[in-house]
Each structure stands twice: as structure tokens, then as C-alpha cells.
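Written below as C-alpha cells is the structure these notes are about.
Laboratory data are not the source of any read-out in this text; all were calculated from the coordinates shown. Quick caveat, the model's predicted, so the values are computed rather than measured. A quick note on method: Cβ atoms are made from the backbone with ideal geometry, for glycine too, and the neighbour counts reach across all protein chains shown.
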Amino acid sequence: MNVTDPTESIARLASMIGGAHRMLVFTGAGISTASGIPDYRGPEGVWNTRRPVFYRDFMEHREARVEYWRQKAEDREAFGTARPNRVHEAIVDLERAGLLGMVVTQNIDGLHRAAGTSDELLVEIHGTNTLVECQTCGARSEPEPHFRSFEETGVPPTCTCGGYLKPATISFGQQLRTADIVRSFEAAKHADVVVALGSTLSVTPAADVPMEAARYGAAYAIVNRGATEHDRSPLVALRIEGDVGDVFPAAVDRALSP
């Protein structure tokens, strides 16, 4: 059912949330725009304004590593000042109420974790910008020293083992982590309600997670401004066209009110 009226949208979504016992929340870039992070696939998003650096090129060519670190250094200002907004906080409210089964996010901004979502209930399926990871030994470290070194020298940083370092995100052409995929789809099997927030649902296999939950019988709601790849699916019980920041926190508040 497609709903555009704000009052009806909040009421219907609140009813679904209120009936949940093991809710799966799937989030995309649209939930972080209010925190100052550009929508990845919007008109001014990275996808449309920047040439991506592919993982194979990163591993094989120094020039690609320099370009990758240059792009990431440009992004640091936005990511560094971003703070969780009401959508992130509403998801934490669901956890505290005992209704949350899992959060699966496409976002790499770390804002779910910063808001207080527990590690055991969070899958950052495309990784995180809040850590740097060695591509050889897998060691993780804080990013600030590495960015400072790159800005001072222009040389892409390396690990003590000699491996190449990069933020712990999944780059173009890089395989998702098997453990994250397993956790995501396992949570989908056990969800009774699934809500996709702020995502075009166009990047697979991540976008397959909420649909998998719907196939297993979960009531499926989508909140997004603009079309999504799942809009025409008969498995979608509720499609809300609108700003996720206006709709979702209000629906959670209503669902959790005495």
C-alpha cells in the first residue's frame, strides 16, 4: 500500500512497529543526510560526481591508492563532524524496548554505533570509515594518524607488515565479508517486521536482505523519498513516500508510547 499523507503514514507504520517482536531495520544513505552526509546516489552524491577507485586498481597501482586516499581525505570533514540524528536515535529506542532483532546498514559513517546501537545487533555490511584496515594481515587501527601522514607526505600509508592500508570499507569490486552476509540473512529469516529506510534498494546483495525477510513472512515497509527497486513487489505491505526523518522517529514514538 502506497501512502503519502504524513499522518496516515505515521499511524500505519506505528501499527506495524507496535506489533513487532523481532524487527529488522535496513538503512541507507537517506537516513544520514540530516547529519550532513550527502546522499550517495542523489543528484550531487558521490556516485554521480566522482570516479570510483576499484579495489583491484587499489591493490595493483600506486596511482590508484593515492587517488583513493585523496578522495577519502576530502570526505573526512563531512564524516568527522557528523553526529547521529533522530532516525539513529529512534532505532536505539527500539532496541531498548526489546523490539529490535538486527540493524543492517549500507552506510559507512559509523553513526548507528555512535548513537548506541549494540555491536551484536549491528551489521555494517559495506564496512566503516571509522577504522583503517590492512589488506594483508587484517589488523585494524584508528584512522587519524594515517590520514595525517598522507596529508603531510602524499604517500599512501602501509601496515607494519608491509600491507596496504585503507579505511575498513568495502570498495568497488571488493567482496563483502562472509560473516556479515551470514548474519544479515540469518536475521532476515527470523524477523517478523522489516523496515527499509532511506535506501533506493538498488545495490545487491545488501538490498536482498529486506526482501529475504519479506519472503520468510515479515511485514515489509519502505520509507524513502524517491523511487526504490522494491516498490512494485507484492511483498511490500507499506510504501511511504517521504522524508524518513519526518516519518520514522514519529512512528517509533507513537508505537512505544504508553
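Odds and ends about this structure:
- Put simply, the C-alpha atoms of the chain give a gyration tensor, and the ellipsoid matching it has half-axes of 34, 18, 17 Å, longest first.
- Compactness ratio for the stretch 141-209: Cα radius of gyration over 2.2 N^0.38 Å (N = residue count) comes to 1.58.
- Contour excess over end-to-end distance, with Cα ends at SER141 and GLU63 and 0.36 nm allotted per residue: 25.7 nm
- For ARG225, the shell of other residues with beta-carbons less than 11 Å away shows a net charge of -4, using +1 for Lys and Arg and -1 for Asp and Glu.
- Computed over Cα pairs, the Kirkwood radius of the stretch 121-258 leads via Stokes-Einstein (1.002 mPa s, 20 °C) to a diffusion coefficient of 122 µm² per second.
- Beta bridges per DSSP, both residues in the stretch 6-150: antiparallel share near 20 percent.
- Tilt relative to the chain, helix 178-190 - C-alpha long axis, 0 to 90 degrees, to 10: 0
- Extreme residue, positive dipole direction of the stretch 152-250, given options ILE181, GLY162, MET211 (C-beta unit charges): GLY162
- Averaging 1/r across all pairs of distinct Cα atoms in the stretch 111-182 and inverting the result yields a Kirkwood radius of 13.4 Å.
- Full-stretch length increase - LEU176, LEU235 - with 0.36 nm per residue and alpha-carbon distance subtracted: 18.6 nm
- Our compactness index for the stretch 45-153, the C-alpha radius of gyration over the empirical 2.2 N^0.38 Å, is 1.23.
- Charge dipole (debye, nearest 20) of the chain; +1 at Cβ of Lys and Arg, -1 at Cβ of Asp and Glu: 340
- Under a 5 Å amide H cut-off, with hydrogens placed 1.01 Å from N, ARG239 pairs with ASN2, VAL3, ILE222 among residues at least 5 apart or on other chains.
- From its DSSP helices (H runs of at least four residues, each -39,500 (n - 2.57)), the chain gives a residue-normalised ellipticity at 222 nm of -12000 deg cm²/dmol.
- Along the stretch 93-104 the Karplus relation, 6.51 cos²θ - 1.76 cosθ + 1.60 evaluated at θ = phi - 60°, assigns HN-Hα couplings of 4, 5, 4, 5, 7, x, 9, 8, x, 6, 10, 10 Hz to successive residues, with x for each Gly and Pro.
- Residues whose amide H lies under 5 Å from that of THR169, counting only those 5 or more places away or on a different chain, are THR128; hydrogens are built 1.01 Å from N in the peptide plane.
- Amide H partners (placed H, <5 Å) of ALA219, local residues excluded: VAL193, VAL194
- Longest DSSP-loop-exposure-free segment, trypsin sites (Lys or Arg not before Pro), the chain, at most 12 other Cβ within 10 Å: 51-231
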